[in-house]
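> Take this structure, written in structure tokens, and hold onto it; I'll ask about it next.
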Amino acid sequence: MIKINNLDFAYNNTQVFKNISLEFEKGNIYGLLGENGVGKTTLLKLICGLQKPQHGSVTVDGLTPSMRQPQFLQNVYFLPEEVITEDTTPEKFIQKIGVFYPRYDFALFNQLMKELEVDLAKKFNELSHGQKKKALLACALSLQTDYLFLDEPTNGLDIPSKALFRKVISQYCNDETTVIISTHQVKDVENLIDPIIILDRDDVLLKASFAEITKKLYFEYGPERLQNAYYTEMLPGGYINVMPNEDGLESNINIEALFNAVMKNKETIKNLMQNE
Amino acid sequence: MNNTLNINRFGKILKHDGLNFFPNLILTLAILWAIPVIVYLAVALMPTNDTKDAVDAFSRVDLISALANIAIIIAPARLYRYCNDSRKGIGYAMLPASTLEKFLSMLIYCVIVTPIVYVAGALAIDSILALFQGPYEGFAVSIYFDTFAKINAVFQRDGIMLDESFMLYYASISPIFMLILSAIGTLAISSIFMFGNMIFKKRKTGKMLGILIILFIIFMIVVINYVAHNEAINLYFQQMNDDNKAEFIKNIIFRIMDITFYAEIIISALMLFGVYRKIKTQKY
Amino acid sequence: MDFNGHKPIYLQIYDHVCERILNGEFRSGDRVMSVRELGIELGVNPNTVMRAFERLQMKEIIATKRGIGFYVCDDAKEKILSEQKKEFLETEVPEFLKKMELYGIKMEDIIKCRV
């Protein structure tokens, strides 16, 4: 379990987080959403110990990430947004780092490379951008760490690859794993992520499971704009209205509409979600 | 779980870094190995009329030692170039080994493996070249580790006669201690550039060299000023004449060697502590 | 399987499983695929699949057995059919009748369609 308590963080003079507290529980695939520059990557880096909080604390299963203890590191993998590869084949790369991870599985790596349709014989720099990303994903997943952090993992993937991505992530997840996916391409991970976290400058605007969100908000698909909607957007064939869910109705979350509704009504929705 | 030092895990990081060793350093080593060959060819192919063009083993030992130092200077930035890179260094930082294990592995490859691999290769090449009827006379390998013979040769070449006490002094020092002395020198150079590799993001070796040159100039100015204005030292030099010259020089050399030895230990310790801290706390 | 926008995903998965029971892919007494397996097949969060399975259990379409996992209840097919019939009568038929009235279609016209 990841616990973030009263975290303050700033890069030089730019405040990124101000007194935020968050918890991440096992067995979930968290979606970390937010506009560019609100600190999605920074939050992942703080959880990985690549950055250190100025105030407050981050702990992962009771360990402090910034201490960089092997006990912590061997259970965590972070896949950065930017594709960083060595001048070698994915196979040689994973054999080099895999031995450090207790549940690393080379057979799984091969299976994932096949599933993701990556050419095993090629070196990283002979692969296309999307192929590189998939190869690195296969590497990351074959390490089988309890904590997996993916920063914009679907960037640069073609449409079939995005479906494969959802499949392999869903496959990866079990009761012991915590996956956090930071993204602004919500469509790519729409049915994969739950709960959702929406970050804003300095703050966490929303952290809720789909069940909690649909209890409070109703997503109405209809022919017209509704007056009391938090947010309305035109869709092909009508409008989607994000409404307060007063009648306890069930609806399907449209993450994009949710995101926009939250951004437009920061305080209102934050309060709405906090009320029991 | 031992989070500081675990032999099994240390073996893994050694293997990991070892797999990176040749791919990253082979070009540097190859160039440095080629230099004695180029010297050999240049001397062999030069039109000559006498036999003075032979290069003796002592000179080649000096050349190989100097090139080994260059290898040591370059190695950290070649082997661990990206470990403080905010993007490319993430993999290194997240590698599940302790800071101490990563540090020791880095130390072993930069300070021990690099010079051993370079010197072994260079001596092998030297021996092959010496087998031919060419300008290389004698085998560098036969005297490389014989520090006493080397120092003796240096003094002879510079025309300084060694008196008996000097000879006795050296003879009293065990060869292992002499090896430790030169190892400390290697450690000092290496640790300075390991530190440079951790604090600079780009042009790591060049920046560190620049800083060293500037520090050296400042140091020389300070020392010369100090010596020139220090009455005790001046008085000491005034007492020097042709008869006691050897004794004087010997004392000065011993004094400088002492100072250098302690300075090297202090510098190495500071630099290595800095490297360790950077591995532990570097932000990405 | 394609998800559409309007219905909660877990209900769509619920429907999807019902569909597969109706078309005979999962028979009474058979083991149903696990939450994990279905999650992987659909590329969906396992928690969402779990919600669908909870609903299926609540409706007594599937049940758990220790060591086996989920299996299809004996009268699952009948239950699904009766539920769908109920839903058809309660939601689709009124909608249908409303449209008939709107377009001025008579019962006879409908019967004529059934050739």
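The values are calculated or read from the model by the stated rules, or taken from the named source; none is laboratory data. Values in this document were obtained by computation on a predicted structure and should not be read as measured data. Heads up, the Cβs are rebuilt from the backbone with ideal geometry, glycines too, and the neighbour counts pull from every protein chain shown. Ligands, DNA and RNA are stripped out before the accessible areas are found, and what is left, the full protein with its side chains, is counted by its heavy atoms. Shrake-Rupley method; radii C 1.70, N 1.55, O 1.52, S 1.80 Å.
> Tell me which GluC sites (Glu not before Pro) from the range C:25-112 have a DSSP coil assignment and no more than 14 other beta carbons within 10 Å of their own.
Here the GluC sites (Glu not before Pro) that fit, given the DSSP loop and packing criteria, are C:Glu25, C:Glu60.
> Suppose R0 equals 25 Å; then what is the FRET efficiency for C:Ile111 and C:Lys86 from their Cβ-Cβ distance, rounded to the nearest 0.05?
0.60
> Also, I was wondering about something else. What's the ranking of B:270-278, A:263-271 by average number of surrounding C-beta atoms within 10 Å, highest first?
B:270-278, A:263-271
> Same structure again: With label points built 7 Å along Cα→Cβ from the Cα atoms of A:Asn12 and B:Ile70, find their separation and express it in nm.
Computed distance between label sites A:Asn12 and B:Ile70 equals 3.9 nm.
> Would you kindly work out the equivalent ellipsoid of the range C:9-76 from its C-alpha gyration tensor and give its semi-axes, the square roots of five times the eigenvalues, largest first in whole Å?
They are 17, 13, 11 Å, listed from largest to smallest.
> How large is the charge dipole for chain A, taken about the Cα centre, if only the Cβ atoms of Lys, Arg (+1) and Asp, Glu (-1) carry charge, to the nearest 20 debye?
On the way: 28 positive and 37 negative charges, 143 e Å.
So the magnitude is around 680 debye.
> Give the value in nm², to one decimal: projected area of the alpha carbon convex hull of the range B:200-284, averaged over all directions.
7.8
> I've got another one for you. Setting aside same-chain residues fewer than 8 positions from A:Lys264, which lysines have a Cα under 18 Å from its Cα?
A:Lys207, A:Lys216
> Related question: So which aspartates and glutamates pass the test for A:Lys270, namely a Cα distance under 12 Å, with those fewer than 8 places away in the same chain ruled out?
Qualifying aspartates and glutamates at Cα under 12 Å: A:Asp200, A:Asp203.
> If you average 1/r over every pair of different alpha-carbon atoms in the range B:1-140 and take one over that average, what Kirkwood value in Å do you get? Before the final figure, lay out each step's value.
Details: mean 1/r = 0.0583 Å⁻¹.
Answer for the range B:1-140: a Kirkwood hydrodynamic radius of 17.2 Å.
> For the pair B:Lys201 and B:Ile213, how long in nm is the line joining their label points, each one 7 Å along Cα→Cβ?
It is 2.4 nm.
> Additional query: For chain C, compute Rh as the Kirkwood radius over C-alpha pairs and then the Stokes-Einstein diffusion coefficient at 37 °C and 0.692 mPa s; write the answer in µm²/s, rounded to an integer.
This corresponds to a translational diffusion coefficient of 205 µm²/s.
> With angles folded into 0 to 90 degrees, how steeply does helix C:46-58 sit against the dominant principal axis of chain C? Use alpha carbons for both and round to 10.
70
> With a cut-off of 8 Å between alpha carbons and a minimum separation of six or more residues, what is the relative contact order of chain B in percent?
Result for chain B is 27 percent.
> With 23 Å as the limit, write out which pairs from B:Lys12/B:Lys88; A:Lys123/B:Lys88; A:Lys167/B:Lys15; B:Lys102/B:Lys201 have Cα-Cα distances beyond it, or answer none.
Check vs 23 Å cut-off fails for A:Lys167/B:Lys15.
> How big is the charge dipole of the protein assembly as shown about its Cα centre, in debye rounded to the nearest 20, if each Lys and Arg gets +1 on its Cβ and each Asp and Glu gets -1 on its Cβ?
200
> Once you average over the residues of A:212-225, how many Cβ atoms of partner chains fall within 10 Å of each Cβ?
Across the residues of A:212-225, the mean count of other-chain Cβ atoms within 10 Å is 1.
> Suppose every K and R has +1 on its Cβ and every D and E has -1 on its Cβ; what is the size of the dipole of chain B about the Cα centre, in Debye to the nearest 20?
2280
> Could you give the spread of the C-alpha atoms of the range C:76-115 along their three principal axes, from largest to smallest, in whole angstroms?
38, 23, 8
> Right, here's the next one. To the nearest 10 degrees, how steeply does helix C:93-103 sit against the main Cα axis of chain C, on a 0 to 90 scale?
Approximately 30 degrees, to the nearest 10.
> Check each of the trypsin sites (Lys or Arg not before Pro) in the range C:31-83 and keep only those in coil by DSSP with at most 16 other C-beta atoms within 10 angstrom; list them in order.
Those that pass, being in a loop and sparsely packed, are C:Lys59, C:Arg66.
> If you take the accessible area of C alone, add that of A alone, and subtract the area of the pair, what total do you get in Å², probe 1.4 Å, to the nearest 100?
Counting both chains, the buried surface is close to 1600 Å².
> Using the scaling law 2.2 N^0.38 Å as the reference, what is the normalised Cα Rg of the range A:22-159?
In units of the globular-protein estimate, the range A:22-159 measures up at 1.09.
> Here is a follow-up. Between B:Phe248 and B:Leu41, how high is the FRET efficiency from 1/(1 + (r/R0)^6) when r is the Cβ-Cβ distance and R₀ = 51 Å? Nearest 0.05.
Calculated transfer efficiency: 0.75.
> Counting partner chain Cβ atoms within 10 Å of every residue's Cβ in A:31-43, what's the average?
Average neighbour count from other chains, rounded to a whole number: 0.
> As a test of the formula, what do you get for chain A when each DSSP H run with n ≥ 4 contributes -39,500 (n - 2.57) and the sum is divided by the residue count, at 222 nm and rounded to the nearest 500 deg cm²/dmol?
Calculated from helices alone, the mean residue ellipticity at 222 nm is -9000 deg cm²/dmol.
> List the DSSP H helices in chain B whose Cα atoms stretch 27 Å or more along the helix axis and whose mean Kyte-Doolittle hydropathy is at least -1.0.
Span-like helices here: B:7-45, B:57-79, B:175-199, B:204-229, B:245-281.
> For the charge dipole of chain A, defined by +1 on Lys and Arg C-beta atoms and -1 on Asp and Glu C-beta atoms about the Cα centroid, which residue among A:Leu235, A:Leu32, A:Pro153 has the Cα displaced farthest towards the positive pole?
The one lying farthest along the dipole's positive direction is A:Pro153.
> While we're looking at this one, here's another question. Suppose each label sits 7 Å from its Cα in the direction of the beta carbon; what would the A:Asp158-B:Arg81 distance come out to in nanometres?
Roughly 3.2 nm, to one decimal.
> Taking only the alpha carbons of chain A, what extent do you get along each of the three principal axes, in Å, biggest first?
59, 45, 35
> Cross-chain or 8 or more residues apart, Cα under 24 Å: how many lysine pairs in the range A:1-107 fit that? Count them up, please.
13
> Once the Cα gyration tensor of chain B is found, what semi-axes does its equivalent ellipsoid get, as square roots of 5 times the eigenvalues, in whole Å, sorted largest first?
37, 28, 18
> Using the charge dipole of the protein assembly as shown (Lys, Arg: +1 at Cβ; Asp, Glu: -1 at Cβ; taken about the Cα centre), state which of B:Tyr262, B:Ile125, C:Ala52 has its Cα farthest towards the positive end.
Result: B:Tyr262, furthest along the dipole toward the positive end.
> Across the residues of A:62-70, average count of Cβ atoms on other protein chains within 10 Å?
5
> For the protein assembly as shown, what D do you get in µm² per second when you plug the Kirkwood radius from alpha-carbon pairs into Stokes-Einstein at 37 °C and 0.692 mPa s? If you can, show how the numbers build up before the last one.
On the way: Rh = 31.1 Å.
D, rounded to a whole number, is 106 µm²/s.
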